[in-house]
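The values are calculated or read from the model by the stated rules, or taken from the named source; none is laboratory data. Owing to the predicted nature of the structure, the values given are computational and were not obtained by experimental measurement. Every residue, glycine among them, receives a Cβ derived from its backbone with ideal geometry; neighbour counts consider all protein chains shown. We work out accessible area using only protein heavy atoms, side chains counted, and drop any ligands, DNA or RNA first. Shrake-Rupley method; radii C 1.70, N 1.55, O 1.52, S 1.80 Å.
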Amino acid sequence: MHNQPSIFDYVTQEESAFETQEVQIGENWYWNMKRHVQLIFHLKNGIFFTGANDWLRAFKNIIEPMLELSYWTEDLEVKDVTFFIESATGKVLSFFVKKYHDEVYTREVDLDTMFDEITESDLDYGGVLVQRGVDKPEILPLNSVVFCDQTDILGGTIAFKHNFSPDKLRSMSKVGWGEESNGATISIEDLIVLATQEKDAIGTQNEKQNRSTGKTIETYIVRGSMPEHYLKDNNDMEYYCNQLQIIAYYYDKDKNKQGVTLYRKKANDDDVLFFTSKKVYQRALGRGVGERLVGDQIWTNFLTIHKMNLVEGSSQSVLYTDDPAYTQKNKIQDMGINEITTIEDGKRIYRAPTESPTSIQLHQNAINEWYEHAQLGASAQDPILGKEAASGTTFRGQERSVAQGRGSHDKRRGQRAKFIEQIYRWDIIPRMTKEILKGKKFIATLSTEELTWVADQLAENQTKKRIKEMILSGKMVTQEEQAMMRQVIKDTFLKKGNKHLFEILKDEFKDVELKVGINVAGKQKNLVELSDKLLSIFQFIFANPQGFQQAMQIPALAKSFESILEYGGMNIADFSTLLQAPAQPMQMEAPQTTQPAPQLALAQPNV
């Protein structure tokens, strides 16, 4: 018997409740997440949340420019991400990962756009959701959340609604959607046949249907701990397990809404991350800059509308006269400009008093006060806006004002940098490493220094392999033969130019531990300070290049120099030629009566 509610009943019920139910945050504070997101979404785009949007009411948008300032001030880019090697044994593999990241991955997946979306979502609404996507981490729009735990966004089941085009839905087949083995009750192609051109509108005020120019499939992605019955149809509503459900809806011939399943499986509980730079206790979303400006925007609109009403009233020219026969003698409504009229002797025409300029100015002053209050809330004081400083302000004073104004921006930017580091460790680095180790081929352009470093590494590794083979076959290899072998391999590689096809053979780095450190926007380490301290050790060496090269033959000094480069966002490969010891002049040796035995090749550690 299957008399228990279905996943479709559950989603419909929760979606309806999410639109109206509020949670109590404080003694006199009630909050609904969907209304919160919709309110800020409307206001930042210059649209009234309630009432007519016919452009006959004044809307003075102060939220959008202040948010744009925060986006710019707190911007993070891919170039702010620095890799540095944490393990000496994994330098070559780490070099591959870094090169693949810089030359291939960032271009394929457009990480800069992902960084921008993280910043905007956090600043606008007070939080951002990131999921493991097909090819990269994906930002989930908060407008797409149809229900969740409003006190803890990832504390319970969370669902998202998307409208897929047929082609977009077909692309999801590569992750198993529509396959019966993954719990699907309908194939993707069969669902596309049933799809219509209507899709539900986002909002809480009405049930309007939006029409698309092509077919659209309304799809729900539901994650979290739910009764096992939804997963196995076994009527067990007591046992809960973490699962991922992909369901969709279509309308049958009788116009009844029917639900189908595209995917259902047990899932990991860490497939979605949430971040906010300003937490609010017992609330699903934190407090973003957009929320801080809501009151300022509402009161600015209120006062602007009343001010415009006063201006409109004051522009009306209302006349009156003490000549009772005036309107009988003159057709006022038909008069033209500068037309002459008559009035009884001793009588006058008066202008009726309307709104005074003083009243209008009072409203303008109040509008200015709310704008200044919004500036304070958004840390958008005049200096950081680029406005000219007051007369008499020194350059240093202006600089200090800008630095102080950036304080809260820098704090949020640093918090977001830590979150991006978490995303790298959680998804991006494992994804890149997996691609490389399974034999991913990619073309990369090497600088002159990188080319030399790679040539040295290649020559060293291949020479070791050949020497090992020769020794195992009973041949002895002299030091001179080893050096010649390395040079031939290196010269052959360098003749191919600076563009090379990289490929790691399967199991080539099977036992190599990858330990790549990440520094985003200088948040994790004060790299400048560390570099300055280490650099002071070598100040006397830099004045003498030959002495520097000799110093680099000392392992402790060479390791410290590598640290300087990595802290500064550079790679040891960029300075490989500087590390080579100067050639020593050959010395003539006295002839010996006995022939020395050839030296065996010694395995040398990787640079």
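Brief remarks on what is shown
- Matching option when the condition is free of Cβ contacts under 8 Å to residues at least 60 places away in the same chain and in contact with a Pro (Cβ under 9 Å, 6 or more places away or on another chain), among 13, 4: 13
- Any chance residue 268 is open to solvent by 80 Å² or more (accessible area, probe 1.4 Å), farther than 29 Å from residue 127 by Cβ and free of Cβ contacts under 8 Å to residues at least 60 places away in the same chain: no
- Exactly one residue out of 79, 136 is of a type in the set (Lys, Arg) and out of contact with any helix residue (DSSP H, G or I) (no Cβ under 7 Å at 6 or more places or on another chain): that is 79.
- A count restricted to region 345-363 and to residues that are open to solvent by 40 Å² or more (accessible area, probe 1.4 Å) and either part of a helix (DSSP H, G or I) or of a type in the set (Phe, Trp, Tyr) (or both) stands at 6.
- Against the criterion of being over 30 Å from residue 348 (Cα atoms) and not β-branched (Val, Ile, Thr), residue 319 does not qualify.
- For region 51-67, a residue qualifies if it is surrounded by 14 or more Cβ atoms within 10 Å (Cβ to Cβ) and of a type in the set (Asp, Glu), and exactly one does: 64.
Yes or no, residue by residue, for (1) part of a loop (DSSP other than H, G, I, E, B); (2) at pLDDT below 90; (3) of a type in the set (Asp, Glu); (4) touching a Pro at 6+ places or on another chain (Cβ under 9 Å):
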position	(1), (2), (3), (4)
207	yes, yes, yes, no
211	no, yes, no, no
215	no, yes, no, yes
220	no, no, no, no
226	no, no, no, no
231	no, no, no, no
243	no, no, no, no
247	no, no, no, no
269	yes, yes, yes, no
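- Taking residues in region 344-357 that are more than 17 Å from residue 312 (Cβ to Cβ) and of a type in the set (Val, Ile, Thr), and partners anywhere that are modelled with pLDDT of 70 or more and open to solvent by less than 70 Å² (accessible area, probe 1.4 Å), the pairs with Cβ atoms closer than 7 Å and at least 6 places apart or on different chains are 349/321; 349/343.
- Single condition residue 451 does not satisfy, out of (1) over 30 Å from residue 276 (Cβ atoms); (2) part of a helix (DSSP H, G or I); (3) open to solvent by 60 Å² or more (accessible area, probe 1.4 Å): (3)
- Number of residues in region 328-338 that are part of a loop (DSSP other than H, G, I, E, B) and open to solvent by 100 Å² or more (accessible area, probe 1.4 Å): the value is 3.
- When region 5-34 is filtered for residues that are surrounded by 15 or more Cβ atoms within 10 Å (Cβ to Cβ) and in contact with a helix residue (DSSP H, G or I) (Cβ under 9 Å, 6 or more places away or on another chain), the ones remaining, listed by number, are 6, 7, 10, 18, 19, 23, 32, 33, 34.
- From the options 493, 509, residue that is open to solvent by less than 60 Å² (accessible area, probe 1.4 Å), touching a helix residue (DSSP H, G or I) at 6+ places or on another chain (Cβ under 6 Å), over 22 Å from residue 79 (Cβ atoms) and modelled with pLDDT under 75: 509
- Yes/no for residue 147 being among the aromatic types (Phe, Trp, Tyr), closer than 19 Å to residue 269 by Cβ and in contact with a strand residue (DSSP E or B) (Cβ under 6 Å, 6 or more places away or on another chain): yes
- Residue check, residue 187 open to solvent by 20 Å² or more (accessible area, probe 1.4 Å), without any contact (Cβ under 8 Å) to a residue 12 or more places away in the chain and over 14 Å from residue 219 (Cα atoms): no
- Test for residue 281: is it open to solvent by 100 Å² or more (accessible area, probe 1.4 Å) and under 45 Å from the mean Cα position of the chain (by Cα): yes
- For region 153-175, the condition of being among the aromatic types (Phe, Trp, Tyr) and under 21 Å from the mean Cα position of the chain (by Cα) holds for at least one residue.
One line per residue, one yes/no per condition, for (1) within 20 Å of the chain's Cα centre (by Cα); (2) modelled with pLDDT of 90 or more; (3) of a type in the set (A, V, I, L, M):
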| site | (1), (2), (3) |
| --- | --- |
| 68 | yes, yes, no |
| 71 | yes, yes, no |
| 99 | no, no, no |
| 106 | yes, no, no |
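- For region 398-448, the candidate set comprises residues that are outside any helix (DSSP H, G or I), under 18 Å from residue 102 (Cβ atoms) and open to solvent by 20 Å² or more (accessible area, probe 1.4 Å); within that set, the residue that is modelled with the lowest pLDDT is 447.
- Scanning region 21-37 for residues that are touching a residue at least 24 places away in the same chain (Cβ under 8 Å) and either touching a Gly at 6+ places or on another chain (Cβ under 6 Å) or over 20 Å from residue 294 (Cβ atoms) (or both) yields a single hit, 21.
- Selection status of residue 467, within 40 Å of the chain's Cα centre (by Cα) and hydrophobic (A, V, I, L, M, F, W, C): no
- Criterion applied to 58, 52 was being touching a residue at least 40 places away in the same chain (Cβ under 8 Å) and of a type in the set (Gly, Ala, Ser), and the one residue passing it is 58.
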